[in-house]
Every structure is written in structure tokens, then in C-alpha cells.
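Structure record follows, encoded as C-alpha cells.
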Ligand SMILES: Nc1nc2c(ncn2[C@@H]2O[C@H](COP(=O)(O)OP(=O)(O)OP(=O)(O)O)[C@@H](O)[C@H]2O)c(=O)[nH]1
Ligand SMILES: [Mg+2]
């Protein structure tokens, strides 16, 4: 296994469409819930322990070899907002393209064929990690990190926030990222024995309702 | 599977610029239009659609920055049926979507080919950007860089990847040159200096031949694309 493959997969410049999404930060900025770096830290912490944990667990389970179609259904069940489902599938499709180019693998081909409009992004992320020879814990780390790095980058653009402050927010969250990734990997192990019902289903209602409001806005910088 | 150093690089499916569709037929030619904000990209796309739509099967992808203005303008002008126009969202970074991470644009192009194809030509309009914005070869087969005379007649001299390397440079709004004091001869000479043999077209969509010369250039590209089929 190559640990450096994790750096490739988790690189913010991995060409999988993430740059056009704010992870709910644009709506939170518009609603006045993110105004500075401290707010960004609180937003990211909330997202990490809810949507981030769920994404990390789905990714870990996919990397562990759980049936990706069952996980895709589990992801739907954990994503009440239709706008967020659409965004997750769109990003999953974009990630699929990049992953198949980077780590060609029959399991990726099979999921692409079964879900031509895109599977949920965390499921594709986990399968990509597996194709890259990475572990479920690695996949969980990548998903957890993405759940906070996206909003942080977006907020730098939305508020002209000092990029050093935004990066410091991410650095301070690193120990919690490790904890969330470990919980996710543990849940993926249980999932192997008990099925996707064992995966966490934490949710952040403001992210869900905010995504619906955001999708209806005619003027916005980010797709979600 | 995981790749190690002795695995040969063998793309076994189309992730970007492969000139064929999965079924083996030749896909549509993709031409990108880039250039600074307001230089006349959408107006050129609209005029090209009117000039070419009777001879070729066309579709358009727009990359708006924070609205759907460009797509809506094209819809309002009815230059093509609505199902042939798709808007891509770029997250405040139009050059990223056409160069560094082309996945959303590729998906839009492929979806158009699938839903209304087979197509001969897809025009991809970038969101207005700076002089360094160019299209990835993985997305566009050829690119047109559109500047205008009102943005300053020193832009061709300044160069930059768009002006210097685009397959076609269009200097638009020549009708305004007298009003803004731009020296067209100097713009043409500077462009020639930067671009060598690469073509430059001075255009006004408000007078004279309009989009005619650019449409003729696009027809040449289409003929060449088909000849290599
Ligand atoms: N006078 C004159 N105006 C033009 C010409 N071409 C375009 N325009 C006008 O210039 C304005 C901007 O044109 P657009 O086509 O929207 O420019 P754009 O490059 O697509 O702009 P963005 O997408 O916002 O970057 C519009 O009001 C057009 O009608 C021209 O040849 N002459
Ligand atoms: Mg435009």
C-alpha cells in the first residue's frame, strides 16, 4: 500500500469538482452565521461531527468492501434534502471520472455502470481509496477532511477571510478529525457484520434546510 | 487493484479528450470561448449559433460566475432550443472549471451529446476571466479568445496565455474603436507580434460582416475535425 496515494486523493486540487461547492458555507454566510474565523471554526466543527462523520463512515465502509449500492442507499436515507442528494451524486460522478483515470479498477467501472448519473460522493471516495490500495481508516480521513476543507476554502472566497486564519481553523480541528475518522472506521467494521444500519446517521438540520434555500437562489457563487 | 510502478498506463475508458464516444463514433468538436468580462463571448456564441445552426447540430455550455445570465440570454434570444443549452456552476473560479478541474464541463458536454446528440459542435463559453485563462486540451479541441477594443488597445501587447496561444484571437467591438480612442492597426500589429502565424480576426457584431469571418473559421475547424474521423 502507498500512503502517498492518500495525499493524491485528499489533495484539494484533485480534479473532482469540489471547488464549485461550499459545503453549506455560502448559505451560512448569507444567513449571518459565519462572519469570521471563529464562526468558521464552529461551523466546521458542527459539520465534521454530523455530515462529516456520516460521509467518513460511508467512505470507510466502501473502502472495506461493503456493497457500494447498499451504501448508496444508506447515503440516500441519511440525506433528507433533495438538493444535497443531487449535489452528492453530481460530485460522486465527477470523482468517479478522476478516480478511474487515477486508479483504474473494475469495482469503479461496475459502480459507474450501475449509477451512470453518479453514486453518493463518499461511497465513490471509499471505493477510490480501495482502488488506490488505501485502508478504510485512510478513506475516513479523506472524507472527514473534505467535510471541513471545502467550507474553509469557500469562506476565504466569500468573506475575503484571511487565508492563514482559515488554514489555522483546519489545523486546530486535526485532532477531532482523527477521532471522527477512527469512529467512522469502527462503524465500518460493524457495518461489515451488521449491515449499513450500523453506520452513523448524525444530521445537521440547518445544513439540510439551508441547502434547500440555497438551491433556490438565482444568484450564488457556489453550486451547494 | 492498486497501481504499482510496472503497471503500464492504459486508459481503458474515456475520461476526457478521447475523440470517440464510447460506441466508437466520432464525438462533437468542442470549441472553447474565453476572454475578459464583457468582451462579447455570449454575443459571439449567439451569432455563431444563428450562423451555423442550419448546417450543423449544435449545443452550448455556459460557465456563469454567479448567475445564469449567459444561459438565460441565449434562451431568451432563442438561438437554440432550450434542451441544447446547459449552464455549469464554477464556484467563483471560472478558470478552474475550464482548465484545472474540467469534470463539470465534461459532464455537461457528454450529457448534451447523450440527450440531444449526435452533435457536430459544442461551444463552451467560459465565465469572464483574466488574460491567463485558457481551456484544458482535455475539454476543448480548439479555443477562441475574445477581447474587445474598449478594454484597452494595449491588451494584445500585454499578451498572456489567452492572447498568445489561443487558436483564434477575436478583437471584438471594432465599431467602438473611434469612440474609445483605440488604435485598431496597432492592436492588429501587436497581436501579430505575439501570435506569429496564429489567426486574428477583428470583428464587430454591430456592423459589417458581423460574425461571418469567425463562423468561417469554425467551419474550417469542423471540416478538419471530420476529415480526421
Ligand atoms: N458595440 C458593440 N457591442 C457589443 C459587440 N459585441 C457585444 N457587444 C455588447 O457587449 C456587451 C457584453 O457582451 P457579452 O456577449 O455579454 O459579453 P461576455 O464576454 O459574454 O460577458 P461575460 O460573460 O459577462 O464575461 C453586451 O451588451 C453586448 O451587446 C460589438 O461587436 N459591438
Ligand atoms: Mg457571457
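The values are calculated or read from the model by the stated rules, or taken from the named source; none is laboratory data. Quick caveat, the model's predicted, so the values are computed rather than measured. Glycine gets a Cβ as well: all are built from the backbone with ideal geometry, and neighbour counts include every protein chain shown.
Residue-by-condition table, conditions (1) more than 15 Å from the chain's Cα centre (by Cα); (2) in contact (Cβ under 8 Å) with a residue 24 or more places away in the chain; (3) under 29 Å from residue B:105 (Cα atoms):
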position: A:93; (1), (2), (3): no, yes, yes
position: A:102; (1), (2), (3): yes, yes, yes
position: A:119; (1), (2), (3): no, yes, yes
position: A:126; (1), (2), (3): no, yes, yes
position: A:132; (1), (2), (3): yes, yes, yes
position: A:139; (1), (2), (3): no, yes, yes
position: A:179; (1), (2), (3): yes, no, no
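The residues of the range A:10-28 that are within 12 Å of chain B (Cβ to nearest Cβ) and part of a helix (DSSP H, G or I), listed by number, are A:18, A:19, A:20, A:25, A:26. Quick check: anything in the range B:175-195 in contact (Cβ under 8 Å) with a residue 24 or more places away in the chain, within 14 Å of another protein chain (Cβ to nearest Cβ) and away from ligand 1 (no atom under 14 Å from the Cβ)? Scanning the range B:175-195 turns up no residue that is in contact (Cβ under 8 Å) with a residue 24 or more places away in the chain, within 14 Å of another protein chain (Cβ to nearest Cβ) and away from ligand 1 (no atom under 14 Å from the Cβ). Kindly provide the set of residues from the range B:54-68 that are under 18 Å from residue B:122 (Cβ atoms) and either within 14 Å of chain A (Cβ to nearest Cβ) or surrounded by 21 or more Cβ atoms within 10 Å (Cβ to Cβ) (or both), ordered by number. Across the range B:54-68, the qualifying residues are B:58, B:59, B:60, B:61, B:62, B:63, B:64. Got at least one residue in the range A:129-136 being touching a helix residue (DSSP H, G or I) at 6+ places or on another chain (Cβ under 7 Å), at pLDDT 95 or above and at positive phi? Yes, that holds for at least one residue. Residue count for the range A:6-28, restricted to those that are out of contact with any helix residue (DSSP H, G or I) (no Cβ under 8 Å at 6 or more places or on another chain) and buried (at least 20 other Cβ atoms within 10 Å of the Cβ): 0. Within the range A:165-223, the set of residues being in a loop (DSSP other than H, G, I, E, B), within 14 Å of chain B (Cβ to nearest Cβ) and surrounded by 14 or more Cβ atoms within 10 Å (Cβ to Cβ) comprises A:220, A:221, A:222, A:223. If you go through the range A:96-111 and pick out every residue that is over 12 Å from residue A:132 (Cα atoms) and more than 8 Å from chain B (Cβ to nearest Cβ), you end up with 3.
Of all residues in the range B:203-227, those satisfying the criterion of being in contact with a helix residue (DSSP H, G or I) (Cβ under 7 Å, 6 or more places away or on another chain) and buried (at least 16 other Cβ atoms within 10 Å of the Cβ) are B:203, B:204, B:205, B:210, B:211, B:214, B:215, B:218.
The strands (runs of 3 or more DSSP E) located wholly in the range B:39-140 that include 1 or more residues which are within 16 Å of ligand 1 (Cβ to nearest atom), at pLDDT below 95 and farther than 18 Å from residue B:29 by Cβ occupy B:58-64, B:85-89.
Within the range A:29-37, identify whether any single residue is part of a helix (DSSP H, G or I), modelled with pLDDT under 95, surrounded by 20 or more Cβ atoms within 10 Å (Cβ to Cβ) and within 14 Å of chain B (Cβ to nearest Cβ), and answer yes or no. Checked against the condition, which is being part of a helix (DSSP H, G or I), modelled with pLDDT under 95, surrounded by 20 or more Cβ atoms within 10 Å (Cβ to Cβ) and within 14 Å of chain B (Cβ to nearest Cβ), the range A:29-37 yields no hits at all. If you filter the range B:69-86 down to residues that are within 11 Å of ligand 2 (Cβ to nearest atom) and under 16 Å from the mean Cα position of the chain (by Cα), you find that the one that is farthest from the other protein chains (Cβ to nearest Cβ) is B:74. Checking each residue in the range B:87-100 for being within 11 Å of another protein chain (Cβ to nearest Cβ) and within 15 Å of ligand 2 (Cβ to nearest atom) picks out B:87, B:88, B:89, B:90, B:94, B:95, B:97.
The residues on offer are B:136, B:115, B:103, and the sole one that is more than 15 Å from ligand 2 (Cβ to nearest atom), within 15 Å of the chain's Cα centre (by Cα) and within 14 Å of another protein chain (Cβ to nearest Cβ) is B:136.
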